[in-house]
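Report on the structure given below.
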Amino acid sequence: MPSETIELLTSIRGGDRAGVNRLFEIVYDDLRRLAGKYTRQGSPDKSLQPTEVVHEAFLKLVNQQQVDWRDKSHFLAVGAKAMRHILVDDAKHRGRQRRGGNRRRVPFDEGMLVSPSHDDILAIDEALEKLALANELRAKIVEMRFFAGMTVDEVAEALGISKRSVEGHWTFAKAWLRREVSEGQDDETGI
């Protein structure tokens, strides 16, 4: 039997908007937790509040027409992509240019994963686009871990792979991102 979340998503996709409020109640805490890390301990240039990110992401998610929702984890994984786009768009809007320009190279460290600045978000997004060309699975894992703050267990469930596999890909992707973001190398071999 499908979960209430999937039943609501299916009916909303079919045009029944009555379940939107109930769906929001069900997923709000999870989405808020995922969005919250971007404003906690934030740098002074942060412009979005977690509530804004949650509301924008939720609207993007419930308006998806081509997604065949599998479960709540799948919904949150797609939410990671929505949050990524929201955060990147906000960083761009705040006056950063996408490539080069006045954006400086930033050293990659684990602190970027806790409280990223706009420069961090843009640098990770740029590197993530390169990673996706070479290894889409690793890019999805980074997207879920970095942009949505999902745990290894949540990522494994959403992707239908083992926790150990997620951990291995995550370790490799962090090392690759560290090199790509810190040094700006274009070497995509070994992905």
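The values are calculated or read from the model by the stated rules, or taken from the named source; none is laboratory data. Computed from a predicted structure; not experimentally measured. Ideal geometry is used to build each Cβ from the backbone, glycine not excepted, and the neighbour counts take in all protein chains shown.
A few notes on this one:
- Residue check for Asp68: in a loop (DSSP other than H, G, I, E, B), modelled with pLDDT under 80, of a type in the set (D, E, K, R) and in contact with a helix residue (DSSP H, G or I) (Cβ under 8 Å, 6 or more places away or on another chain): no
One line per residue, one yes/no per condition, for (1) modelled with pLDDT of 80 or more; (2) of a type in the set (A, V, I, L, M, F, W, C):
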| site | (1), (2) |
| --- | --- |
| Asp120 | no, no |
| Ile124 | yes, yes |
| Glu143 | yes, no |
| Phe147 | no, yes |
| Met150 | yes, yes |
| Arg164 | yes, no |
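- Qualifying residue in the stretch 145-168 (condition: surrounded by 21 or more Cβ atoms within 10 Å (Cβ to Cβ), of a type in the set (Lys, Arg) and in a helix (DSSP H, G or I)): yes
- Verdict on Gly168 being modelled with pLDDT of 85 or more, closer than 30 Å to Gly19 by Cβ and more than 17 Å from the chain's Cα centre (by Cα): no
- Some residue of the stretch 73-86 being of a type outside the set (A, V, I, L, M), modelled with pLDDT under 85 and not in a helix (DSSP H, G or I): no
- Within the stretch 1-22, if we keep just the residues that are closer than 17 Å to Lys60 by Cβ and touching a residue at least 60 places away in the same chain (Cβ under 8 Å), the residue that is surrounded by the fewest Cβ atoms within 10 Å (Cβ to Cβ) turns out to be Thr5.
- The conditions of being loosely packed, with under 15 Cβ neighbours inside 10 Å and modelled with pLDDT of 80 or more are not met by Glu56.
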